[in-house]
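Heads up: the structure comes next, in structure tokens.
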Amino acid sequence: MSTTLGVPRPDQASYMLRAAAGDAGRAYKRQMLDLLDIRAGHTVLDAGCGPGTDLPALAERVGDGGTVIGVDRDPAMLERARARTEGLRRVELREGDVHALPVEPGTMDRAKIDRVLMHVDDPAEVLAQLHRATRPGARVGLAEPDWDTLIVDAEDLDTSRAFTRYTTAEVVRNATVGRGLVRLAERAGFRVEAVHATTPVFRDFQEADHTLGLGRNLQKAIDGGHIDRDRGHRWFAGLSQGPFYASFTLVGVVCSR
């Protein structure tokens, strides 16, 4: 594992689990599950389930008569999810791409996709797949960041802005998909029921470095000529000395079929 500035790049599963375990992660996930109104006996799809972060909570809500289906294209993620849900007989794990969900059309009572659309080739096609998979009357939850809203406090405000621009333009494929969720959901044929935005706040530099990739992405920006090396290193050193503040906006949408 290579290191540059900041903490080493974590493996993706560990990163996802740690991000979900924070206060902001727990809060928006609980809010989404409440708005989805998952009931005993439901069949629920977790599209892009990753290491199974949400599968136990979903399984608890569907009860013994329900089914939770977790789909991910990465066998390593599914292996982590399998370990996390060992003993939960009502959880099924399926390898597949969210652009071609391996579920029968019109069979899901509820579905969710969480911080996946920002990485996919075609968010609109993924939402079309969710529309295909769900029954009439089903509810679907979507949650995505808008990385254009990433702010990092520093005396060198220009470098903070350059870091956000680099993150949006080069690091995340669909960096502003969060703000487009309502539009994308309606175009896919869903009816939007609720929209909420949360603002994860980071006061601890090390936690922000891990979650936001401050040092790792700064190094890439420097290597690519987007940020001056000396200025970038001074910016990063100043952040590490504190006091520290960073935040971004996470958009959640719950819609119905």
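Listed residues Ala197, Ala237; which is among the small types (Gly, Ala, Ser) and under 23 Å from the mean Cα position of the chain (by Cα)?
Being among the small types (Gly, Ala, Ser) and under 23 Å from the mean Cα position of the chain (by Cα) holds for just one of Ala197, Ala237, which is Ala197.
Residue check: is Glu186 touching a strand residue (DSSP E or B) at 6+ places or on another chain (Cβ under 8 Å), within 30 Å of Gln129 (Cα to Cα) and surrounded by fewer than 21 Cβ atoms within 10 Å (Cβ to Cβ)?
Answer is yes for this residue.
Going through Thr67, Thr43 one at a time, which residue ends up being in contact with a Ser or Thr (Cβ under 7 Å, 6 or more places away or on another chain) and in contact (Cβ under 8 Å) with a residue 60 or more places away in the chain?
Among Thr67, Thr43, only Thr43 is in contact with a Ser or Thr (Cβ under 7 Å, 6 or more places away or on another chain) and in contact (Cβ under 8 Å) with a residue 60 or more places away in the chain.
Out of segment 206-249, which residues are on the phi < 0 side of the Ramachandran plot, surrounded by fewer than 21 Cβ atoms within 10 Å (Cβ to Cβ), of a type outside the set (D, E, K, R) and outside any helix (DSSP H, G or I)?
Residues satisfying the conditions are Gly224, His226, Pro243, Phe244, Tyr245, Ser247, Thr249.
On the given criteria, is Met32 surrounded by 14 or more Cβ atoms within 10 Å (Cβ to Cβ), at pLDDT 90 or above, under 21 Å from Val126 (Cβ atoms) and within 15 Å of the chain's Cα centre (by Cα)?
Yes, satisfied.
Sort out which residues of segment 202-257 are without any contact (Cβ under 8 Å) to a residue 60 or more places away in the chain and in contact with a Pro (Cβ under 8 Å, 6 or more places away or on another chain), and write them in order of number.
Across segment 202-257, the qualifying residue is only Arg203.
The values are calculated or read from the model by the stated rules, or taken from the named source; none is laboratory data. Please read these numbers as outputs of a predicted model, since none were measured by experiment. Counting neighbours? That spans all protein chains shown, and the Cβs are built from the backbone with ideal geometry, glycine included.
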